[in-house]
Amino acid sequence: MNPIPVDAIKSTLSDARLQNAIYSSTARLMDKRAHAIAPDAIDDFQGLRTQANAIKRHAIDNLDYYLEQLEQNVIARGGKVVWCRDAGEAIQFVLQLSREKGVKRIVKSKSMTTEEIDLNEHLEHGGIEVVETDLGEYILQLAHEKPYHIVAPALHKTRYDVADIFTETLKVERVEEPEQQTQVARRVLREKFITADLGITGANFLIADSGAIVLVENEGNARLSSSAPRIQIAIAGLEKIIPRAQDLATFLKVLGRSATGQPLTVYTSFLSGPRRPGEIDGPEEFYLVLMDNGRTRLLADEGKRQSLYCIRCGACLNHCPVYRKIGGHNYPWVYSGPIGAIISPQFHGVTQDPWLPFASSLCGACSEVCPVKIDIPQVLLELRADITHAKRKEGAGQWERRAFRLFSYVMRRPRLYEMAAAMASSVFPGSRGAWLRSLPRLLRLPPVMGWLSHRDLPPPPERSFRALWRERQRAKGGN
Amino acid sequence: MSAREEILTRIRASLGRANSTGAPAGLPPSRIVIPDVPLERRIEKFTAALEKLNGKVHRASSRDDARDYVERLLHGRTAVTSNAPFVAECGVLTLPNVKPGGSDPLPLRGMCATLDAGITSADYALSDTGSLVMLSSNEEARMVSLLPPLHVALVPLDRLLTGLDELYSILPVPSDRTSSMVFITGPSRTADIEQILVRGVHGPGEIHVVLV
Amino acid sequence: MADVLERLGYQIDFPEAQTCCGQPAFNSGFWEEARGVARHFLDTFEGDGPIVVPSGSCSAMCSHHYADLFQDDPAQMARVKAISSRVYEFSRFLTEVVQVDDLGASFPHTVTYHDSCHALRELKIKAGPRQLLSKVRGLTLKEMDAAEECCGFGGTFSVKFPNVSGGMAQTKLDSILRTGASHIVSIDSSCLMQLQGVISRQELPLKTIHLAEVLASR
């Protein structure tokens, strides 16, 4: 049971530059989304969300059927499908294939699924050079950091940070303009693309009826990773499936708009198997890794199964007031923000980071913007119940449990409730409506002190509502 | 048990069934809505959408006009073309410094990596979003529209569709036609550093579409 | 609230046995403890006639989440269904049941309106309170840029993550201060308690006030 990372959160909150970076970047993404989904920009965006939700629900409820259909169609187009129970099997497959095929260098396009299994670290450990090619991911790889955000991985880095990282690791002349920095990356990475033997991509969607993967990006690195090397491996969580290519007419319209406010990202690739006879270029071999790694466990719970609908647009992060304060790295896993708060406990077990589902005011901004309509607050509430249940079994969280038992006991007994309220009033006879900045030692309990660390506490009313009400009724009765 | 069998067994157990149950009922009909938009309006929308992204659109009155536009645009810069017959029909190969890319992948990649521009056609264009739709084939290689800093596409007007819905009704299963279908919507770009927009990351930083 | 409703000719019953809807326990994962309180609520409010609640959050608990608590208990579910159709958040009761917007109130101040999250997103209440405020004599409504952003209260969240919660309140108050309003109006007392706590601590030139109090002002 990991505790709340109190110090790390505090240091994020007190870093004014970082706070500004998180706040302004997410604000810009929110603003772009708002424009892109406005009625004058697209017809019936809410109808598209409803359709996206219905398709995902159907696909996940029939996951076995669509995965088998996908597999058949990938094989029919000359690709291979590799099923992996967990991270270890996926890593082992890539390592073994690399050795068999004499792969020295791998280029990678952005993929949260490969972040999830720490693929780069394992490949490097196995003696293979692996290069991230998305600009943000490349910066983070050089800095040995994990993504800060699902779609804007280096959101927390300034151009000066990037200048430091490039000069130190690439030994290039210092440049501080993003334009020039991008050119540095283009030069270095172009060489890697041309010489790499293997390209690894993720997949935004798996299309069952086509045996295809879809990659959505802006830079062109996913196109290069999937087209330049002689071998392509796409690594995807098995929940990425949708039944038909035609469903993309729905999903592509909601994904780009929700993520970055783009009607379509610059490049959308629909890839199926290796280069075919007659085609001029493209990979000679195509492998699709279908990874479970805990996903089937999520599937078992009917209420929380919807967590698997996620298409990783990042909108819930941008709109989450908690993410906007604590940033991405204080979440325990690569998936941060509201979606991270609901999937991490389901992947790792609810007792690993029992604080996580409680780190929410349940404001619901996340589900309001979710393009596939995941009811994130509802899943958080259910996880909270699971956690209290698990704690009860382990005998943890005694104080809180006692407090809520007492709460429940008093709230079922109106007379006792009234007495308790009257007692509270008598403790502060002299406050005269002024809010309280401190309390007698006896009352300095942790939750009270938590409140008082940032706020004053309302004084108990001098006369209870009940007393005032009775008086009011008596006065009226006299008429 | 193989990983495949075990995963499928886990899935079925989680979903509360023992065996494969065949094609499931209840798949919502796909949501394909194709509006009736006159050609002139499609051209306007395509132009507005692409220019908003800093792409350029030229409406050519004839194939010769298209060729002249490309000549002015290149202005001495070097270029490689795809094998698309329409590119040749426009006479682009007669221009100075323009070389045919051919069908041999290695020399082609070399040209794409060193020359200034890649000239292609496109299988379709989407007016809603200002996108080109490129299917990999013996006419169009993946690299020509990807490696050079400038991409020029010559597109006959009859390939200009309304949007995604129309495309997916023409190509309900795109992988029956090709291993790679790509939508190109504007120049390559990033906003990964401080959310500042920079064009020309890994793909072309400049894109011109000539509607013929 | 009682004054406003009586002026409209309603007779008000205040069942003295009432305590709490049980939301604090429910939101903290203590569903068993919450069920006990919810049952007490169901007992206390048995009968007919609308139940008017001066809180978006408590209304949403009764109308949306009692169903979570009793999903496996058909007998209670029937009572939950009956109760939830009778529960109205105060402003909704005025605009949708009474169908009145001008209550003859007067409040000569510049105010800003805070959309509490549960009212906005669970109950879909947004236009109603603004409509009611627009008819108050002397009142000027100035919208803040972050009207829909959470105040940071979130029940036990506010004490489990006090600095995050405090930071959220700060963001909210910064936005409120930019409007130049003297009062923050809301339909949820818990949001107002959170904001007033920070206002009091920082001695800001702002006051918090419940919509009902504004509408009762003459």
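The values are calculated or read from the model by the stated rules, or taken from the named source; none is laboratory data. What you see is a predicted model, and the numbers here were worked out from it, not measured in a lab. All Cβ positions, even for glycine, are placed from backbone atoms using ideal geometry, and neighbour counts span all protein chains on display. Side chains are part of the model used for accessible areas, which takes the heavy atoms of the whole protein and leaves out ligands, DNA and RNA. Shrake-Rupley method; radii C 1.70, N 1.55, O 1.52, S 1.80 Å.
How far is the Cα center of the stretch B:1-40 from the Cα center of the stretch A:27-44, in Å? Centre-to-centre distance over Cα atoms comes out at 30 Å. Candidates A:8, A:424, C:139 compared by Cα position along the dipole of the protein assembly as shown: farthest toward the positive end lies A:424, with charges placed on Cβ. At full extension, residue A:180 and residue A:399 could sit 73.2 nm farther apart than now, given 0.36 nm per residue minus the alpha carbon distance. Between B and A, buried accessible area from a 1.4 angstrom probe totals roughly 7400 Å², ignoring ligands, DNA and RNA. Averaged over the residues of A:358-370, the number of partner chain Cβ atoms lying within 10 Å of the residue Cβ comes to 6.
Sorting B:81-94, A:312-325 by their mean Cβ neighbour count within 10 Å, with the most densely packed peptide first, gives A:312-325, B:81-94. For the stretch A:167-192, a decrease in accessible area of 40 Å² or greater in the assembled protein chains relative to the isolated chain, with a 1.4 Å probe, applies to A:178, A:182, A:186, A:190. Could you work out Rg/(2.2 N^0.38 Å) for chain A, with Rg from alpha carbons only? With N residues counted in chain A, Rg over 2.2 N^0.38 Å equals 1.17.
Per-residue mean of foreign Cβ neighbours for C:8-21 is 3 (Cβ atoms of other chains, 10 Å radius). At q = 0.11, 0.21 Å⁻¹ the log10 of I(q)/I(0) for the stretch C:101-216 amounts to -0.33, -1.17, computed by Debye summation with a single uniform scatterer per C-alpha, solvent ignored. Protection proxy ranking for C:86-99, C:67-80, using the average of other Cβ atoms within 10 Å per residue and placing the highest first: C:86-99, C:67-80. Ordered from largest to smallest accessible area (heavy atoms of protein chains, 1.4 Å probe), the residues C:102, B:104 come out as B:104, C:102. Can you give me the % of accessible surface on the stretch C:101-218 that is carbon or sulfur? Probe 1.4 Å, all protein chains present, nothing else counted. On the stretch C:101-218, the fraction of accessible area on carbon and sulfur atoms equals 53 percent. Need the per-residue list for the stretch C:155-169: every residue with at least 10 Å² less accessible surface in the complex of protein chains than in the chain by itself, probe 1.4 Å, sorted by number. Buried-area filter returns C:156, C:157, C:158, C:159, C:160, C:161, C:162, C:163, C:164, C:166, C:167, C:168. Measuring spread by the Cα atoms of the stretch A:37-293 yields a radius of gyration and Dmax of 18.6, 54 Å. Rounded to whole numbers, the Karplus 3J(HN,Hα) couplings from phi for the stretch A:116-124 are 4, 9, 6, 4, 4, 4, 5, 5, 4 Hz, using 6.51 cos²θ - 1.76 cosθ + 1.60 with θ = phi - 60°, and x at Gly and Pro. Taking all protein chains as shown and a probe of 1.4 angstrom, residue A:348 keeps an accessible surface of around 70 Å². Backbone amide hydrogens, once placed in the peptide plane, bring residue B:58 within less than 5 Å of B:209, B:210, B:211, excluding anything fewer than 5 places away on its chain. Where the accessible area of chain A is counted over protein heavy atoms with a 1.4 Å probe, how much of it, in %, is carbon and sulfur? Reported share for carbon and sulfur atoms: 54 percent. Peptide C:31-41 has a mean shielding of 5, counted as Cβ atoms of other protein chains within 10 Å of each residue's Cβ. Here the simple spin-label model places points 7 Å from the Cα toward Cβ, and for residue A:118 and residue C:204 these points are separated by 4.3 nm. Taking amide hydrogens as placed 1.01 Å from N in the peptide plane, the amide H of residue B:189 sits under 5 Å from those of A:219, B:200, B:201, each at least 5 positions away in sequence or on another chain. For the protein assembly as shown, the share of alpha carbon pairs falling in successive 20 Å distance bins from zero is 13, 42, 30, 13, 2, 0 percent.
Of the accessible area of the stretch B:1-114, with the probe set at 1.4 angstrom, what percent is carbon plus sulfur?
Summing carbon and sulfur atoms, their accessible area is 54 percent of the total for the stretch B:1-114.
Treating cross-link reach as a plain straight distance, find the lysines whose alpha-carbon is under 23 Å from the alpha-carbon of residue B:52, omitting any fewer than eight places away in the same chain. Once the sequence-local lysines are set aside, what remains near residue B:52 is A:32, A:253. Of the cross-linked pairs A:80/A:101; A:110/A:325; A:325/C:207; A:476/C:142, those separated by over 27 Å at the C-alpha level are A:476/C:142.
Amide hydrogen proximity for residue C:208: with H placed 1.01 Å from N in the peptide plane, the residues at 5 or more positions away or on another chain lying under 5 Å are C:184.
Between residue A:38 and residue A:143, what length comes free when the chain is fully extended (0.36 nm per residue of separation minus the Cα-Cα distance, one decimal in nm)?
This chain segment gains 34.0 nm when fully extended.
Put simply, when A:28-41, C:111-124, A:381-394 are sorted by average Cβ atoms within 10 angstrom per residue, most first, you get C:111-124, A:381-394, A:28-41.
The residues of the protein assembly as shown expose, per residue, 39 Å² of accessible area to a 1.4 Å probe. The modelled label-to-label distance between residue C:178 and residue A:20, using points 7 Å beyond Cα along the C-beta direction, is 1.5 nm. Need the C-alpha centroid separation for the stretch A:154-182 versus the stretch B:141-165, integer Å. Here the answer is 33 Å between Cα centres.
Here each label is just a point 7 Å from Cα along the line to Cβ, and for residue A:46 and residue B:75 those points are 5.0 nm apart.
Listed by chain and number, the aspartates and glutamates placed with their C-alpha closer than 16 angstrom to that of residue B:99 are B:71, B:89, B:116, B:139, B:140; residues fewer than eight positions away on the same chain are left out. Candidate cross-link partners of residue A:304 among the lysines, defined by an alpha-carbon separation under 18 Å and a same-chain spacing of 8 or more, comprise A:56, A:240, A:373. For the stretch A:149-156, backbone phi angles converted through the Karplus equation (6.51, -1.76, 1.60; θ = phi - 60°) give residue-by-residue couplings of 7, 4, 10, 10, x, 9, 3, 8 Hz, Gly and Pro being listed as x. Please identify which residues in the stretch A:271-293 have an amide N closer than 20 Å to a label point set 7 Å out from the Cα of residue B:177, following the Cα→Cβ vector. From the stretch A:271-293, the list is A:271-283.
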